[in-house]
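Visitor: Right, I'll just put the structure down here and ask away after.
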Amino acid sequence: MTPRLHIDSVVICDDVRKEFNGKDMLIGVQGTPLIFPAFPANIKLGFWVQFSALKLGSFTLEARLKTSREAVLAHAQFNINVDFLRQSALWMLCDGIQVQTAESMVLELKESDRQWETIKVIPILLHAVAPKGVTPAPIAPKSEPILLHKRRAH
């Protein structure tokens, strides 16, 4: 059976809220890997999943977050109703996740009649916090924001 949706992007964040105008507000957007100073670490993660609908109709979509060792950390079920083909988003908030070791977490989706599909792998790293007064080596090079300006027509 052909898929009903295509995953366009996955954003990891601390929280997702709905604005009064219907827009999604992502709070605390995070890149990967997720870096912790010690284990175990108790965290809250949000996943905002943007998708394109490929078929009209209603179906069930399941999401789960698991460790690379197959332990399920969180599970959610969504009832999707596609009345016209467009891009949309859903989100999953996972509170009380306990990270035990430097292993990856995996976010998977499953349409009602299909197999589980990995949509995001989240590497987990241990990076001890440097003692006060000691500057640690950077984990990754810092990037500067790129400012885009429109050119005015003359």
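The values are calculated or read from the model by the stated rules, or taken from the named source; none is laboratory data. Since the structure is predicted, the reported quantities are computational estimates derived from the model, not experimental observations. With ideal geometry, Cβ positions are generated from the backbone for all residues, glycine too; neighbour counts draw on all protein chains shown.
Visitor: Is there any pair with a first residue in segment 29-53 that is of a type in the set (Val, Ile, Thr) and a second that is in a loop (DSSP other than H, G, I, E, B) and at pLDDT 90 or above whose Cβ atoms are under 6 Å apart and which are 6 or more apart or on different chains, and what are they?
Guide: That search, which allows pairs on different chains as well, returns THR32/PRO123.
Visitor: Also, I was wondering about something else. Identify, please: which residue in segment 1-36 is among the acidic types (Asp, Glu) and over 19 Å from LYS120 (Cα atoms) and is, among those, surrounded by the most Cβ atoms within 10 Å (Cβ to Cβ)?
Guide: In this case the residue turns out to be ASP24.
Visitor: A further question on this structure: Please state which one of PHE51, PHE39 is closer than 25 Å to PRO123 by Cβ, surrounded by 17 or more Cβ atoms within 10 Å (Cβ to Cβ) and not β-branched (Val, Ile, Thr).
Guide: Going through PHE51, PHE39 in turn, just one is closer than 25 Å to PRO123 by Cβ, surrounded by 17 or more Cβ atoms within 10 Å (Cβ to Cβ) and not β-branched (Val, Ile, Thr): PHE51.
Visitor: What's the total number of residues in segment 19-50 that are under 13 Å from MET92 (Cα atoms) and of a type outside the set (A, V, I, L, M)?
Guide: 6
Visitor: Please specify each residue of segment 42-59 satisfying the condition of being of a type in the set (A, V, I, L, M) and more than 18 Å from the chain's Cα centre (by Cα).
Guide: Once the filter is applied, which keeps residues that are of a type in the set (A, V, I, L, M) and more than 18 Å from the chain's Cα centre (by Cα), segment 42-59 yields ALA53, LEU54, LEU56.
Visitor: Among the residues of segment 64-101 satisfying the criterion of being assigned to a strand (DSSP E or B) and among the β-branched types (Val, Ile, Thr), which is surrounded by the fewest Cβ atoms within 10 Å (Cβ to Cβ)?
Guide: VAL72
Visitor: Still on this structure: Among the residues of segment 104-115, which ones are surrounded by 14 or more Cβ atoms within 10 Å (Cβ to Cβ) and touching a strand residue (DSSP E or B) at 6+ places or on another chain (Cβ under 9 Å)?
Guide: Matches in segment 104-115: SER104, MET105, VAL106, LEU107, GLU108, LEU109, LYS110, GLU111, SER112.
Visitor: Looking at segment 81-95, which of its residues are touching a residue at least 40 places away in the same chain (Cβ under 8 Å), out of contact with any Leu (no Cβ under 6 Å at 6 or more places or on another chain) and over 16 Å from GLU111 (Cβ atoms)?
Guide: Across segment 81-95, the qualifying residues are GLN87, ALA89, TRP91, LEU93, ASP95.
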